[in-house]
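The values are calculated or read from the model by the stated rules, or taken from the named source; none is laboratory data. Keep in mind that this is a model prediction, so the values were computed, not measured. As a convention, Cβ positions derive from the backbone with ideal geometry for all residues, glycine included, and neighbour counts pool all protein chains shown. Heavy atoms of the whole protein, side chains included, go into the accessibility calculation; ligands, DNA and RNA do not. Shrake-Rupley method; radii C 1.70, N 1.55, O 1.52, S 1.80 Å.
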Amino acid sequence: WCEEGGLRRFAIALSREPVGPKLRRGDQRIPEGDYRIAGDPRPSRFHRFIPIDYPSIADADRALASRLIPNAVHRQIVAAHEAGRLPPQDTRLGGLLGFHGEGRRWRGDLDLDWTEGCVAVADEAIDWLARHAARGTPVSIRP
């Protein structure tokens, strides 16, 4: 839903492996679940990038249970979320994920799944999101 009322829909491109949730760095999948916008929009090679607070506590719980991350890393992720900070982005779960535009290279290719773990939208759509989705905005990713 948007502030002006009504629902905004955008064409998207997903990751190269769009089936199933992100499990670890390099798996070419997008996170699935509930997140928040974790920082200000910034310029990127894909026009503009808006980060999310991946990995979530639920992601960390799954990774701990499967022994992908140790207790210490799990505690760091949980502590970051509890403090309202961006969780560590350099763990085996991966990081630096969010929403971005197409940029020159992918302009017009939203019918392909080409990202490495982010959700891509048209450059005009990422500009709209940058104006309307402030830090802390809830995001639900359910492909």
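Mind listing just one residue for me: the one in the stretch 31-79 that is under 30 Å from residue 102 (Cβ atoms) and assigned to a helix (DSSP H, G or I) and, of those, least open to solvent (accessible area, probe 1.4 Å)?
As a first pass, look at the stretch 31-79 and keep what is under 30 Å from residue 102 (Cβ atoms): 31-56, 58-59.
From the residues that got through so far, the ones that are assigned to a helix (DSSP H, G or I) too are 58-59.
Numbers: 58: 52, 59: 9 Å².
Among them, the one singled out is 59.
Residue check, residue 10 against (1) farther than 21 Å from residue 126 by Cβ; (2) surrounded by fewer than 17 Cβ atoms within 10 Å (Cβ to Cβ), all met but one. Which one?
(1)
Tell me which residues, restricted to the stretch 71-91, are over 17 Å from residue 24 (Cβ atoms) and either of a type outside the set (Asp, Glu) or touching a residue at least 12 places away in the same chain (Cβ under 8 Å) (or both). Walk me through it before giving the result.
Going residue by residue through the stretch 71-91, those that are over 17 Å from residue 24 (Cβ atoms) are 71-72, 75, 78-86.
Those that are over 17 Å from residue 24 (Cβ atoms) and either of a type outside the set (Asp, Glu) or touching a residue at least 12 places away in the same chain (Cβ under 8 Å) (or both): 71, 72, 75, 78, 79, 80, 81, 83, 84, 85, 86.
Using beta carbons and a limit of 7 Å, which pairs, at least six apart or on different chains, have the first residue in the stretch 13-28 and surrounded by fewer than 17 Cβ atoms within 10 Å (Cβ to Cβ) and the second one aromatic (Phe, Trp, Tyr)?
16/114
Which of the numbered conditions does residue 87 fail, given that it passes all the others? Conditions: (1) under 14 Å from the mean Cα position of the chain (by Cα); (2) open to solvent by less than 50 Å² (accessible area, probe 1.4 Å); (3) closer than 21 Å to residue 115 by Cα.
Status for residue 87: all satisfied but (3).
Residues in the stretch 100-122: is at least one modelled with pLDDT of 95 or more, outside any loop (DSSP other than H, G, I, E, B) and either touching a strand residue (DSSP E or B) at 6+ places or on another chain (Cβ under 9 Å) or β-branched (Val, Ile, Thr) (or both)?
Of the residues in the stretch 100-122, the ones modelled with pLDDT of 95 or more are none.
The answer is no, given that none of the residues of the stretch 100-122 is modelled with pLDDT of 95 or more, outside any loop (DSSP other than H, G, I, E, B) and either touching a strand residue (DSSP E or B) at 6+ places or on another chain (Cβ under 9 Å) or β-branched (Val, Ile, Thr) (or both).
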